[in-house]
1. Let me check I've understood the local charge: for Arg88, count other residues with C-beta under 13 angstrom from its C-beta, Lys and Arg +1, Asp and Glu -1. What total comes out?
2. Can you tally the lysine pairs in region 71-147 where the Cα-Cα distance is under 19 Å and the two residues are eight or more apart, or on different chains?
3. Measure off 7 Å from each Cα along the Cα-to-Cβ vector at Glu16 and Asp178, then give the distance between these two points in nanometres to one decimal.
Amino acid sequence: MTAGENKIDQGTHFYEDGDLLININESLAVFKVHKKIMELASPVFKAMFQSCNSIENHERSLEAVTLYEAPNYIEDLLTFIYPASFLRIQWENVLYLLPLSDKYELNSLTKICCEFLESSVYENPLETLFLAEKYQFPKAYKDSSKIIIDDFFEYRTRHLFYQISLKTKDKLQNYYLDFIEAIRNVTKSSLCHIPRSCHATCWHGDIHQHGKASKRRVMELIEKIQKNVDIRPSQLWKTFSEFAAEGKGNCENYIYERHIKKELLEHLGDFEKLEAYPDRLSNFNHYIYIEL
């Protein structure tokens with residue numbers, strides 16, 4: 001092919017001193033880039049260029065390769081690779097940038113896509129979970145599961161839920177059902193076997209009115225929770241946390257910290273904060289979760 005036979009469609013990344021032409025889907029070349037930069041960015045590109053074809057033009061012979069992704073996908077890829085340009089990761093492009101980074105072994109691109117998912121999980125938890133499982137991002141997987149389990153019956157009705165692997169769907173469902181069963185097992189008796197005394201100056205039990213009031217508040221709290229069959233894990237944590245915050249003196253604080261909280265975690269498993277939550281400093285921001 002000579003320069004006079006076909007006119008090159010110049011894309012954004014078309015550098016006059018470039019020595020490599022990138023064709024898209026057997027069409028006209030749309031990018032003219034620097035071979036060395038591409039080789040340094042990706043071992044896959046380096047191996048690919050060993051079998052490049054040459055194209056003659058009026059200045060010199062240029063090497064050429066054909067890629068089969070959409071032109072805008074490759075344009076974003078080149079924007080990331082070239083040091084003088086900036087690529088913003090967002091939901092509109094992370095869905096195709098992750099497959100590209102995986103295919104061409106661009107580990108630095110994979111890393112920033114992972115960081116985007118971790119920081120944006122609250123915006124799209126199902127998409128995050130799907131990508132986190134596919135590309136093995138443990139933190140993004142765990143954090144997205146917190147949000148999904150917290151409103152499980154809502155998320156399970158969405159189309160994307162059925163694109164998640166069967167293994168992960170089963171883990172989500174089983175963990176949520178275990179949570180519901182655990183609430184049934186958190187009975188008045190299990191939470192109200194309060195030790196006879198705490199380290200405060202008062203005594204628990206019938207001989208002290210304050211201890212009796214504390215136990216009564218505990219029982220009322222459990223009744224409230226067990227009547228709310230649709231309570232979310234985060235709501236449960238918030239309910240108990242508010243109970244502790246409203247405690248009437250050291251006795252109730254002791255009951256919560258040393259007994260109720262211990263029993264709660266034994267029945268329901270671990271709770272953990274979600275750092276990407278809009279109010280990340282809230283003490284009520286705690287969820288149950290699954291892990292890879």
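Taken together, the values in this text are just the output of simple stated rules run on the coordinates, not laboratory data. Keep in mind that this is a model prediction, so the values were computed, not measured. In this analysis, Cβ positions are derived from the backbone assuming ideal geometry, glycine residues included, and neighbour counts consider all displayed protein chains.
1. In short, -3.
2. On the way: Lys103/Lys111; Lys103/Lys134; Lys111/Lys134; Lys111/Lys139; Lys111/Lys142; Lys134/Lys142; Lys134/Lys146.
The result is 7.
3. Roughly 6.5 nm, to one decimal.
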